[in-house]
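Right, one structure below, let's go through it.
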Amino acid sequence: MTGSRRILLSVVVATLTFKTQACLTRSGPKVVDDLKISDSPGPESPKVTSLKLTQGHAPYSANGKPQKVSWFMCQIASPAGAVILAHDEAAGFDSATFCDLPESQAFLAAGFHVAGFNRPGFGASTGERDLVGKQSQQAALVAAKETLRANSGLNSAIVGAYGFGTGAAAASFFSKQSGNLQWLITGGGIYDFEQAARTSSDGGLTSMIKKTTDREGEVAYETRSIAYDVNGLPPRIAIFQGADDTVAPADQANSFRDSLAASQFKVTFQEIKGINHQINPSQIRQILDVMIASAKKPKS
């Protein structure tokens, strides 16, 4: 995307400054409407408590061995569908606190059921951790299918996905492979694992990438890097990135955004000054309120 197509908008809320990036539509250049954080509930909004939690385990087979993936869904009355959340590499989800997470609360307040699952080796999900590899991608599809089956009749169709860190890759692959989502939101994402191996400051992450490539060879990068092929992703994508993030450096998000724009996706990009890979709960809620509002906008 050329500099003439980039329009930056600074919006100050507390200590956050957002830059809104121009995007391309199939009919040509179009600027994303100004995102006004004051229009969203914000971090001080009341907690969504009128919900029900359903949860369970879904069996599947991976590498000839029986496995199970844990799933859970927070329900609200009269939802506009469901959103599935994918966790980062630091930890999986705890079903007991899942509905209270700021990420879950943001989507619940926006009128969605919120579904989640644990990748292999996290929480009650069995199998080996594979760094968003093929088994993780299979587990996500199995979990989503079982979540929908268990909650049929509740308008639980999954319309969007969200993930942070390696969860951004997990959510992206899920949205691509499911094939019918309306939108995707990612933050602090690892979109190119080969690049992350060279540039990330997180020794734990780079070590996991090295062990994975030692075991699988360079095909491991292709298996996990959504930036290698963006075809099939939802038509509307919202990305946020901490400008000071060194775990998932900002150039990853910039390159991913440019690839999406070149492929004619409708993209909203928010670079946040003063934010690194560790974002506190009130800030993540504030950010997601804005990103959800952008992702929900009807197609132009």
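The values are calculated or read from the model by the stated rules, or taken from the named source; none is laboratory data. The structure presented is a predicted model; accordingly, all values stated were derived computationally and were not measured. Because the Cβ atoms are built from the backbone with ideal geometry, glycine has one as well, and the counts that use them run over all protein chains shown.
Here are some notes:
- Residue match in region 268-278 (condition: part of a loop (DSSP other than H, G, I, E, B) and buried (at least 23 other Cβ atoms within 10 Å of the Cβ)): yes
- Residue that is farthest from the chain's Cα centre (by Cα) [pool: residues in region 145-158 that are in contact (Cβ under 8 Å) with a residue 40 or more places away in the chain and farther than 15 Å from residue 74 by Cβ]: 146
- Checking every residue in region 29-39 against the condition of being in contact with a helix residue (DSSP H, G or I) (Cβ under 6 Å, 6 or more places away or on another chain), assigned to a loop (DSSP other than H, G, I, E, B) and modelled with pLDDT of 85 or more gives zero matches.
- Residue 233 touching a Ser or Thr at 6+ places or on another chain (Cβ under 8 Å), within 28 Å of residue 58 (Cβ to Cβ), in contact (Cβ under 8 Å) with a residue 40 or more places away in the chain and not basic (Lys, Arg): yes
- Positions within region 100-123 being surrounded by fewer than 24 Cβ atoms within 10 Å (Cβ to Cβ) and either closer than 26 Å to residue 220 by Cβ or hydroxyl-bearing (Ser, Thr, Tyr) (or both), in sequence order: 120, 121, 122, 123
- Residue list for region 97-119, restricted to those being of a type in the set (Phe, Trp, Tyr) and outside any helix (DSSP H, G or I): 112, 117
- Pairs linking a residue in region 174-187 that is within 18 Å of residue 224 (Cβ to Cβ) and free of Cβ contacts under 8 Å to residues at least 12 places away in the same chain to a residue that is part of a strand (DSSP E or B) and of a type in the set (Asp, Glu), with Cβ atoms under 8 Å and 6 or more positions apart or on different chains, do not occur.
- Residue that is nearest to residue 168 (Cα to Cα) [pool: residues in region 82-125 that are among the β-branched types (Val, Ile, Thr) and in contact (Cβ under 8 Å) with a residue 60 or more places away in the chain]: 84
- The single condition among (1) farther than 17 Å from residue 170 by Cα; (2) surrounded by 24 or more Cβ atoms within 10 Å (Cβ to Cβ) that residue 79 does not meet is (2).
- For region 73-86, the criterion of being at pLDDT below 90 and part of a strand (DSSP E or B) is met by no residue.
- Listed by first and then second residue, the pairs linking a residue in region 205-224 that is in contact (Cβ under 8 Å) with a residue 60 or more places away in the chain to a residue that is among the charged types (D, E, K, R) and surrounded by 19 or more Cβ atoms within 10 Å (Cβ to Cβ), with Cβ atoms under 7 Å apart and 6 or more places separating them unless they lie on different chains, are 205/89.
- The condition of being touching a residue at least 60 places away in the same chain (Cβ under 8 Å), in a helix (DSSP H, G or I) and of a type in the set (Ser, Thr, Tyr) holds for only one of 259, 282, that being 282.
- Any hit, region 212-224, residues being in contact with a strand residue (DSSP E or B) (Cβ under 9 Å, 6 or more places away or on another chain), surrounded by fewer than 24 Cβ atoms within 10 Å (Cβ to Cβ), small (Gly, Ala, Ser) and at positive phi: no
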